[in-house]
């Protein structure tokens with residue numbers, strides 16, 4: 001065994017690659033020659049990525065310009081940091097910023113543990129037919145668009161819609177879901193959690209089926225009941241996965257859900273639920289201040305980019321996660 | 001087996017009730033919608049409909065069949081979905097195959113990865129992109145809906161992970177016989193990737209069918225709206241341009257019928273979603 005390792009080391013030393021920048025260039029050159037076919041295969045998708053993701057980024061300079069339609073982005077005059085100053089002075093800027101943060105964090109706070117609990121509950125179900133049907137049904141909303149779901153929600157959460165009828169039926173007063181700011185935000189969070197929990201439940205359930213069955217048998221012999229088994233076996237077994245998903249959630253800390261809010265928002269609840277993304281849209285198509293809208297979009301995208309990278313970094317550190 | 005204690009039985013009952021209620025909450029809104037769409041205008045406008053149609057009739061669906069706008073939007077959606085999905089699949093495969101090789105075999109892989117990672121964290125933003133699509137002259141064409149998302153990175157990762165999990169020996173035999181990478185990809189790798197291709201196809205299908213915001217941004221003419229955008233406009237009346245009032249002021253049953261028809265294609269592929277999408281996505285997320 002030891003000799004083998006020695007031999008391998010010797011061959012390695014003999015084939016040691018040439019050092020320095022020249023050697024590196026030669027190696028890369030040889031590598032490219034050998035793999036040119038792979039580069040050709042990737043050529044078309046990479047061109048599309050350059051053209052449709054990188055080239056438009058040039059337009060970000062609009063954040064430091066005053067847009068004049070006839071001159072285009074590149075011909076418009078520079079204005080320094082004026083757009084950013086105006087952005088911070090927008091009356092809706094700080095409310096929108098805190099709303100974004102508040103709604104996104106609440107969505108994570110409720111939306112993250114909920115599917116774990118549902119997966120644990122589903123795992124306890126003995127009747128297979130019931131388990132299977134529940135699994136099949138709960139991720140249906142995940143595949144529906146907010147255009148469709150928004151239409152349904154605006155209807156059933158309306159003043160005398162289905163939800164209020166249900167509340168009245170059990171003796172509770174009606175709630176002004178679409179008119180009162182706090183109720184509206186709680187409705188946003190409820191419907192978002194409801195839309196996404198099914199899919200995440202399926203993911204956690206898949207992790208649960210990977211837990212070693214012998215552990216449960218051993219625990220049963222030791223007299224542990226189901227509750228103790230869940231606490232001491234199931235949870236620790238899926239903990240790495242929970243940590244991974246939790247850490248990756250960091251990336252959506254400014255992601256309050258543009259599509260949902262854009263469709264459901266109305267002027268009565270704007271103060272409590274206007275988020276950065278909807279504000280960008282309003283500035284763009286309401287007052288046509290393209291420079292400020294670009295600055296605001298850039299502001300958000302830089303902060304949330306930093307959070308995404310932090311999430312990836314922590315995920316890599318704690319559970320060896322790699323995006324690619 | 002052990003005896004079942006009283007506590008366990010109580011838990012089981014509650015468990016079934018909780019899960020049952022959750023499952024019902026996912027299906028009842030849709031049944032309610034269907035019931036409303038099959039009720040009369042008066043009954044639906046006065047909130048008389050629960051889960052069963054009141055004064056059953058199919059007027060709302062008749063109205064849909066007569067209205068040209070709805071069908072044109074439906075057609076645009078079908079077109080953008082088929083075209084967009086086809087382009088997506090080809091580009092996903094072309095990018096995933098080279099990336100599934102390690103950096104010793106595919107020199108320069110880290111550069112590709114860096115380019116892809118960057119656009120996962122950062123994008124041009126709405127306004128620059130809006131002006132860019134305008135400059136390209138893609139407004140009011142199907143290309144504005146198809147090209148911006150023509151390489152979905154998430155699907156590329158999914159496909160790449162699948163290709164990586166294949167045994168390397170498969171390709172080696174062909175390479176010894178002198179086959180190039182292109183031939184290896186077409187005749188050896190692709191045939192075994194079919195389950196994963198099914199997954200990304202469904203993912204693209206769902207994304208294209210469901211997206212509505214691009215339709216709202218990149219169309220000046222309402223006649224070019226895809227179905228979901230059209231639906232969003234008649235439900236919330238939020239369009240940059242003004243629209244025909246008669247389109248918005250329709251009964252609840254009409255709106256319900258339009259929502260239901262919009263989600264029909266998804267309900268139609270739901271069994272396949274179950275089979276390919278969920279397993280594929282679970283593998284993708286668990287492997288990470």
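Any read-out appearing in this document is the output of simple, stated calculations on the displayed coordinates, not a laboratory observation. Just so we're clear, the structure is a prediction, and the values are computed from it rather than from any experiment. For neighbour counting, all protein chains shown are included, and Cβ atoms are generated from backbone atoms with ideal geometry for every residue, glycine included.
In this simple spin-label model, placing a label point 7 Å from the Cα along the Cα-to-Cβ direction at both residue A:79 and residue B:68 gives a separation of 4.3 nm. Inter-part distance, the range B:6-74 to the range B:90-147, computed on C-alpha centroids, equals 40 Å. Give the shape of chain B as rounded, prolate or oblate, defined through the alpha-carbon gyration tensor: a ≥ b ≥ c are the square roots of its eigenvalues, a/c under 1.5 means rounded, and otherwise the shape is prolate if a/b is larger than b/c and oblate if not. In terms of gyration-tensor shape, oblate. Separation of the range A:71-92 from the range A:203-231 is 59 Å, based on Cα centroids.
Determine the shape class of the range A:89-319: with a ≥ b ≥ c the square roots of the Cα gyration tensor eigenvalues, call it rounded for a/c under 1.5, and otherwise prolate if a/b is greater than b/c, oblate otherwise. Oblate.
Between residue A:190 and residue A:213, how high is the FRET efficiency from 1/(1 + (r/R0)^6) when r is the Cβ-Cβ distance and R₀ = 41 Å? Nearest 0.05.
0.70
Of all the options B:13, B:156, B:49, the one that moves most in a Gaussian network model of chain B with Cα springs shorter than 10 angstrom is B:13.
For chain A, a Gaussian network of Cα nodes joined below 10 Å ranks A:309, A:175, A:125 by mean-square fluctuation, and the top entry is A:125. Approximating the spin labels as points 7 Å out from Cα along Cα→Cβ, the residue A:271-to-residue B:118 distance works out to 4.4 nm. List the residues of the range A:132-152 whose backbone N lies under 12 Å from a point placed 7 Å from the Cα of residue B:13 along the Cα-to-Cβ direction. No residues fall inside that zone. Summarising the label geometry, the points placed 7 Å from Cα in the beta-carbon direction at residue A:176 and residue B:57 lie 3.6 nm from one another.
Shape class for the protein assembly as shown, computed from the alpha carbon gyration tensor (a ≥ b ≥ c): oblate, with a/c not under 1.5 and a/b at or below b/c. Each helix, a run of at least 4 DSSP H residues, gives -39500 (n - 2.57); summed and divided by the residues of chain A, these come to -20500 deg cm²/dmol at 222 nm. Among A:160, A:225, A:249, the residue with the largest mean-square fluctuation in a Gaussian network model of chain A, with springs joining Cα atoms closer than 10 Å, is A:225.
Treating r as the C-beta distance of residue A:124 and residue B:135 and R0 as 51 Å, the FRET efficiency rounds to 0.35.
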